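Novice: One structure, pasted below without further comment.
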Amino acid sequence: MIAVIKFPGTTCELETAMALKEAGLRGEIVDHADFDPDRFESVVLPGGFSFGDYLRAGAIAAGSESLKKIKEMADSGKKVLGICNGFQILTEAGLLRGALLPNLNGRFLTKWVYLKVVRDDTAITRNLGGRVLFMPIAHAEGRYYGEGDWVQRTIVMTYSSATGEVNEKWNPNGSLWNTAAVANESGNVVGMMPHPERASFPFSRSTDGLQLLRGLGGR
C-alpha cells in the first residue's frame, strides 16, 4: 500500500491516487495528521500548495510530525516520492539536498516538457537509463540549486529536447544543470518537479508517468 499524503492546501492527491491505480498499485489518500507509517510500504507527497506555501514553498509541511515519520521510513529503505510541492517539502525537510528557488523568469510555468533519465538506480527510474519521457510541469518555484561536487551525483532527470539533447535551450525554469529530479544517495528518496500523475491516463498527451510510478511498488 502506498500513502498519498494530504496537507492543507494539497491539490493533487486525488489524481495521484488515481494514477497509482492506473499503474496497478494501491494508493490511499491520508491526512498528514493521521499518517501511520507502519501501514505503508511507500509514500508520495503530491503537488499543490501545502499550508498555502506561507513562509516558503513546503517549509511548514516540512516541520510536521508526518515528515519525521517519513524520514524514519526513508532511513529504513522504504520509497519516498515528492512531486512538485512534495519535492519542495523533501528539500525543506532535509531528506534531499539542495533547494528549489523561484523560476528564473519570475512566472508560474505550466507546459509539457521532455525529460532525459540520467540515473537509473532510483526507486522510480530503474531500467530507464537514457530514456526520454514526456510530461507536464506546473510550478512557480522549481529552479533547483545546490553547491558542491555532490550536485551532479544526485540528478535523476534533466530537462531535454525530444531527442535527449540537454542544454539551456530546453531549461524551462533556470535549474542548475537542467535538473528536473534528484534523489538521495541510496536512490529510495526522489523529488521531481514534473507531474507523472498527469501523464498516466489514456486521455492525456502521454502515459510516460506510469513508468515512473510503477517503481513505487514492491521492495
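Laboratory data are not the source of any read-out in this text; all were calculated from the coordinates shown. What you see is a predicted model; the values in this text were computed from it and never measured. Glycine gets a Cβ as well: all are built from the backbone with ideal geometry, and neighbour counts include every protein chain shown.
Novice: Need one number: nm distance between label points at Leu176 and Arg39, each 7 Å from Cα along Cα→Cβ, rounded to one decimal.
Specialist: It is 3.8 nm.
Novice: Another question, then. Taking 0.36 nm per intervening residue step and subtracting the Cα-Cα distance, what contour gain separates Leu14 from Arg153 on full extension?
Specialist: Numbers: separation 139, 0.36 × 139 = 50.04 nm, distance 3.25 nm.
That pair, Leu14 and Arg153, stretches by 46.8 nm at full extension.
Novice: Here's another thing I want to ask about it. What is the order of Lys21, Lys71, fewest Cβ neighbours within 10 Å to most? Display every interim value, and only then the final one.
Specialist: On the way: Lys21 13, Lys71 17.
With the fewest neighbours first, Lys21, Lys71 line up as Lys21, Lys71.
Novice: I've got another one for you. What is the antiparallel percent of DSSP beta bridges lying wholly in region 1-60, to the nearest 5? Could the numbers behind the result be given before it?
Specialist: Values: 1 of 9 bridges.
Of those bridges, close to 10 percent are antiparallel.
Novice: Then there is this: Report the antiparallel proportion of the DSSP beta bridges in the chain as a percent, rounded to a multiple of 5. Walk me through the numbers on the way to the answer.
Specialist: Working: 22 of 38 bridges.
In the chain, DSSP labels about 60 percent of beta bridges as antiparallel.
Novice: Another one. If neighbour count is taken as other Cβ atoms inside 10 Å, put Phe203, Phe35, Phe108, Phe40 in order from fewest to most. Show your work: numbers first, answer last.
Specialist: Values: Phe203 5, Phe35 20, Phe108 12, Phe40 23.
Listing Phe203, Phe35, Phe108, Phe40 from fewest to most nearby Cβ atoms yields Phe203, Phe108, Phe35, Phe40.
Novice: So what are the three principal axis dimensions of the chain from its Cα atoms, in whole Å, longest to shortest?
Specialist: Its Cα atoms span 44, 37, 32 Å along the three principal axes.
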